[in-house]
Every structure is written in structure tokens, then in C-alpha cells.
Amino acid sequence: MDEPYCETPAPAPMAAGGPPFADCVLCRKPTEYPESVKGATLCPVCEWQEAQRTACSG
């Protein structure tokens, strides 16, 4: 029973040869969106944090 209950999943590797990804407008890390996407693009972490802020601003 020395095995951990939940293992941390390995980060998903970036697709080789994929489209150039847009930078997050808040932290400048790569997002999951191609550069051709219009509007403010957020990385998964900033997107989650923004959702938390707007959910509680009610």
C-alpha cells in the first residue's frame, strides 16, 4: 500500500510540426490556440484563474 492514491499525469507533449501557438496575453507562455485565433488568448493556467475570478465576482 505504499503506492500513491493519485499519480500526477505527465504533461502532454507539444505536437511536433503543429501550428505556431499564440502567447498568453497575461504570462506570455504558449497557449493551446494557434496564432490565427482572434481575441485575447490565455494559457490553461491563466484561463482557469480568470474563470475563478469571474465566477466569484457575481
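We did not get these values from a lab; they are worked out from the coordinates using the rules stated. This is a predicted model, so every value here is computed, not measured.
5 Å is the cut-off here: which amide hydrogens, built 1.01 Å from N in the peptide plane, fall below it relative to LEU26, excluding neighbours closer than 5 in sequence?
Long-range HN contacts for LEU26: CYS43.
Residue by residue, what Karplus-based ³J(HN,Hα) values in Hz, rounded to whole numbers, does the stretch 45-51 have, using 6.51, -1.76 and 1.60 with θ = phi - 60° and x for Gly and Pro?
Karplus values, whole Hz, x for Gly and Pro: 5, 5, 4, 5, 5, 5, 5.
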